[in-house]
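Take a look at the structure below.
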Amino acid sequence: MSKPTVVLLHGVGLDHTMWEPTAEVLADRFTLVTPDLLGHGRNKPAAAGTALEHLALDAAAEIPPGAHVVGFSLGALVAQYLAVHRPELVASLTSVSSVCRRTPAEREKVLERLRLARTDFEAAVSASLRRWYAGTGVGAEWVSRTEATLRANDVESFHNCYRVFATADAELGPDLHRITAPAVAVTGGDDPGSTPEMTRRLAAALPNCRAAIVPGTRHMLPVQRPEAVADHVTALIGDNAHA
């Protein structure tokens, strides 16, 4: 019998390799698809004016119908867009470390990070690493790998994608109620950007979604606690296998 397909969509400035710790846990039970989003990794740069729609439709070309879609951070927004606009592709939706309907204060914080990236990309990379990994105990090798991936970005393409990350939750907010796929929203209890409150907000906005908070975990949940991500994905798929 064929394995269910799980699609893993990465975050802004990263690529498919960020999923390696989680993929290692999932690989024995699922067929994994790990695209690089437009503007990232093996994919072409993202042009000025790139919108969430462009990222989502580019990713959709690699997603078979009825896949279980897991998105991290920016990838979660892409996954949510697909669940709204291409529901035939999304049998279940797992949003990992996702923002949702930012408040004005939350939006100002992310726009400040976008401004820093435009004026001092190196400082923005360093700030991201501190925000994602400080005090987590994640090994230096993984922090170095993440840093190398961030620094390898085409800077203008990164800016164009970060602008999507900073603004697209406002675009998605009014449509979240249209997502009918069974869903889970999970984030780290210590994530300062994709906060537990945002995850609860997302779960409340979707008709069929539960919230899960992983204690003592920051933004890079799939690296810091891959087994927790795998458990939530597996439980969601299992609970709905015969629905």
Taking first residues from region 67-82 that are under 23 Å from S2 (Cα atoms) and second residues anywhere that are of a type in the set (S, T, Y) and part of a helix (DSSP H, G or I), the pairs with Cβ under 9 Å that are 6 or more apart or on different chains are V70/T22
Would you point out the residue of region 37-55, among those that are touching a helix residue (DSSP H, G or I) at 6+ places or on another chain (Cβ under 8 Å) and not in a loop (DSSP other than H, G, I, E, B), that is surrounded by the most Cβ atoms within 10 Å (Cβ to Cβ)?
L55
Give just the number: which of (1) under 20 Å from H219 (Cα atoms); (2) of a type outside the set (D, E, K, R); (3) in contact (Cβ under 8 Å) with a residue 40 or more places away in the chain; (4) open to solvent by 10 Å² or more (accessible area, probe 1.4 Å) does T34 not satisfy?
(3)
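How many of the residues in region 118-128 are in a helix (DSSP H, G or I) and open to solvent by 20 Å² or more (accessible area, probe 1.4 Å)?
Step one: of region 118-128, the residues in a helix (DSSP H, G or I) are 118-119, 121-128.
Still in the list and also open to solvent by 20 Å² or more (accessible area, probe 1.4 Å): 118-119, 121-123, 126-127.
Within region 118-128, residues that are in a helix (DSSP H, G or I) and open to solvent by 20 Å² or more (accessible area, probe 1.4 Å) number 7.
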Can you name the condition, by its number, that D58 falls short on among (1) in a helix (DSSP H, G or I); (2) free of Cβ contacts under 8 Å to residues at least 60 places away in the same chain; (3) of a type in the set (D, E, K, R); (4) open to solvent by 50 Å² or more (accessible area, probe 1.4 Å)?
(4)
Pairs with Cβ under 9 Å, 6+ apart, first in region 196-225 and part of a loop (DSSP other than H, G, I, E, B), second β-branched (V, I, T) and open to solvent by 50 Å² or more (accessible area, probe 1.4 Å)
L206/T180; P207/T180; N208/T180
If the requirement is being of a type in the set (K, R), within 21 Å of P196 (Cβ to Cβ) and open to solvent by 30 Å² or more (accessible area, probe 1.4 Å), which of these qualifies: R145, R101, R163, R115?
R101
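What about D169, is it closer than 17 Å to H10 by Cα and part of a loop (DSSP other than H, G, I, E, B)? Step through it out loud before you land on a result.
Values: closer than 17 Å to H10 by Cα: yes; part of a loop (DSSP other than H, G, I, E, B): no.
No.
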Qualifying residues in region 148-159 (those that are in contact with an Asp or Glu (Cβ under 9 Å, 6 or more places away or on another chain) and in a helix (DSSP H, G or I)) - the one least open to solvent (accessible area, probe 1.4 Å):
T149
What pairs come up if the first residue lies in region 104-118 and is within 16 Å of F158 (Cβ to Cβ) and touching a residue at least 40 places away in the same chain (Cβ under 8 Å), the second is open to solvent by less than 70 Å² (accessible area, probe 1.4 Å) and small (G, A, S), and their beta carbons are under 7 Å apart, counting only those six or more places apart or on different chains?
V110/A166; L111/A166; R113/A124; L114/A166; A117/A124
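I'd like to check something: does region 65-75 contain any residue that is assigned to a helix (DSSP H, G or I) and closer than 16 Å to S97 by Cα? If you could, list the steps in order and put the result at the bottom.
Narrowing region 65-75 to residues assigned to a helix (DSSP H, G or I): 74-75.
Right, trim to closer than 16 Å to S97 by Cα and you get 74-75.
Within region 65-75, one or more residues are assigned to a helix (DSSP H, G or I) and closer than 16 Å to S97 by Cα.
Identify, from the list G189, G216, G193, G238, the residue that is open to solvent by 10 Å² or more (accessible area, probe 1.4 Å) and within 24 Å of V90 (Cα to Cα). Steps first, please.
Values: G189 fails: within 24 Å of V90 (Cα to Cα); G216 fails: within 24 Å of V90 (Cα to Cα); G193 fails: within 24 Å of V90 (Cα to Cα).
Checking each option against the conditions leaves just G238.
The values are calculated or read from the model by the stated rules, or taken from the named source; none is laboratory data. The shown structure was predicted, so the numbers you read here are calculated from the model rather than taken from an experiment. Note: ideal-geometry Cβ built from the backbone for every residue, glycine included; neighbour counts use all protein chains shown. Accessible surface is based on the protein model in full, side chains and every heavy atom, while ligands, DNA and RNA are left aside. Shrake-Rupley method; radii C 1.70, N 1.55, O 1.52, S 1.80 Å.
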